[in-house]
Amino acid sequence: MNVLFIGDIVGKIGRDIVYSMIEKITSENAIDFIIANGENATHGKGLTEAHFNELLDSGIDVITLGNHYAAKKEIFNYLDTYENILRPQNLHKSIPGVGTNVYDCNGVKIRVTNLLGRVYMSLDVDNPFDALNDIIENDDSDIHIVDFHAEATGEKYALACGFDGRVSAVLGTHTHVQTRDYRILSNGTAYISDVGMCGPYDSILGVKKEDVVTRTWTGTPTVFEIKEDGSGLFSACLLSFDDKTYECINIRPIYMVLEEGEY
Ligand SMILES: [Fe+2]
């Protein structure tokens, strides 16, 4: 069984890249299930219902979110409507939606969990370790994939090591930069600090370079505009599972630069 996990989708360009790349990857590989982080898919922050449905139409089975989950307020109206959108589990319990769910994939029970980190993150959330522990105590899924949306690699790796052998994969999102530290940990959990981004390649994390350079260099407040043209970047991870034991047997990062016209 193969699961494709797609990194943070940024803006319309990100959605277009994902649409064309899913077609290409599924024609070349047997992909059974697709998860994607969509918290930046609408103009770089948040996710409208229309864009959520657009991503599902691309072939994605489950969308996860992150610290920008509430950037488009309409999400509060539809989080409870769909089973295949997950907001971080360790948000306050009063917030609509859920952060973990089990999906049937040809008879295999795949649990997907979305968690937020606490190191260098602006949202005040519950302890992600305790949240994951609570989920596992009542879990009978065959495969459990965790999207840990966090800034610090140390926090992400600590969570993966803390749950090594108890979840199938801990995949980092949020930094928009794919890391090279993918591996299967000693007790069988697949890990990567960050899957990376789907969006404009010639940008700083999806934003026009000049906006970020000016603010970072001079401290002048600037509006971060998403770069919506030029070459594109597709970042994802392909996870392969044993068909009998459901152990993760391989994690392969995908990092592709596409010219305009290729997406
Ligand atoms: Fe984020």
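Any read-out appearing in this document is the output of simple, stated calculations on the displayed coordinates, not a laboratory observation. Just so it is clear, the structure is predicted and the values come from calculations on it, not from any experiment. For neighbour counting, all protein chains shown are included, and Cβ atoms are generated from backbone atoms with ideal geometry for every residue, glycine included.
Before moving on, here are some points about what is shown:
- Magnitude of the charge dipole for the chain, about its Cα centre and with charges confined to Cβ atoms of Lys, Arg (+1) and Asp, Glu (-1), is about 560 debye.
- The alpha carbon centroids of the stretch 3-65 and the stretch 248-263 are separated by 13 Å.
- Residues S122 and E210, FRET efficiency given R0 of 30 Å [Cβ-Cβ distance, rounded to 0.05]: 0.80
- Under conditions of 10 °C and 1.306 mPa s, the chain yields 87 µm² s⁻¹ as its translational diffusion coefficient, taking Rh as the Kirkwood radius over Cα pairs in the Stokes-Einstein equation.
- Ranking G66, A50, L86 by Cα position along the charge dipole of the stretch 2-258, where only Lys, Arg, Asp and Glu carry charges on their C-beta atoms, puts G66 farthest toward the positive end.
- Straight-distance crosslink candidates among lysines, where the alpha carbon sits under 29 Å from K72 and sequence neighbours closer than 8 are dropped: K12, K45, K93, K156, K208, K209, K227
- If R0 is taken as 22 Å, the Cβ-Cβ distance between N133 and I95 corresponds to a FRET efficiency of 0.65.
- Sequence ranges 24-34, 214-224, ranked by mean other-Cβ count within 10 angstrom, highest first: 24-34, 214-224
- In terms of its alpha-carbon gyration tensor, the stretch 65-207 comes out rounded; the largest-to-smallest axis ratio a/c stays below the 1.5 threshold.
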